[in-house]
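Q: The structure follows.
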Amino acid sequence: LRQRISQASIKEIGYFLRDIAWADKELAREIASEQSNILRQRISQASIKEIGDFLESIAWVDKKLAKEIVRLHSDTLKQKDFSQASIKEIGYFLGDIAWADKELAREIARANRNTLKQKDLSQADIREIGYFLECIAEVDKELAEEIVRLHSDTLKQKDFSQASIREIGLFLGYIAWADKELAEEIVRLHSDT
């Protein structure tokens, strides 16, 4: 078993621990603890998308185990580079860490403040932007406000034609949470859409 875990990807390890936790959470914790070095290595080599998927998989059935893993590997998680990641990947990464440890997610967002503010929102659809803003606001409302203000022109020009009413509502809701006046302006601009 140890040899198989040592050769597995972070995604496979996540599914494996999740499935074991369904049957025996204590056993899943023991395996995660025993394999701490392998997990640290896999997390350090993994993309933020792979880490987000891994944590989501584990937290889904055992939030305590996800919290233990996140705390144990907090230094590695803090060093992850956001520059090449999409806003969707960043949103999932921060959201999944926040689910396990909100304070750590806040520290990571603050450490990557400049990169997050400079992310290009022009190519993203409103679903991705809405989720990105939600995850940022959940861990650092002030940073979400800065991002919304900085990208207000781009947010005003977003196309609603392919989005569902629910997606539009979420998009506007998260903008309103950060900047109510901007959300009102976007509603006025798209009132005929």
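Q: Cβ contacts < 6 Å: first residue of a type outside the set (K, R), restricted to the stretch 179-193; second residue assigned to a helix (DSSP H, G or I), any location; separation 6+ or different chain. Result?
A: So the pair list comes out as D179/V148; L182/S152; L182/I175; A183/L172; A183/I175; A183/A176; I186/K156; L189/K156.
Q: I've got another one for you. Of all residues in the stretch 45-79, which are at pLDDT 90 or above and among the aromatic types (F, W, Y)?
A: F54
Q: Residues being within 16 Å of V148 (Cβ to Cβ), open to solvent by 20 Å² or more (accessible area, probe 1.4 Å) and not in a helix (DSSP H, G or I): count how many of those fall in the stretch 93-129.
A: Of the residues in the stretch 93-129, 3 are within 16 Å of V148 (Cβ to Cβ), open to solvent by 20 Å² or more (accessible area, probe 1.4 Å) and not in a helix (DSSP H, G or I).
Q: Across the stretch 36-60, what is the number of residues that are among the hydroxyl-bearing types (S, T, Y) and in contact with a Leu (Cβ under 7 Å, 6 or more places away or on another chain)?
A: 1
The values are calculated or read from the model by the stated rules, or taken from the named source; none is laboratory data. Here the structure is a predicted model, which means the values were calculated and not measured. All Cβ positions, even for glycine, are placed from backbone atoms using ideal geometry, and neighbour counts span all protein chains on display. Just so you know, the surface numbers come from the protein's heavy atoms only, side chains and all, with ligands and any DNA or RNA stripped out. Shrake-Rupley method; radii C 1.70, N 1.55, O 1.52, S 1.80 Å.
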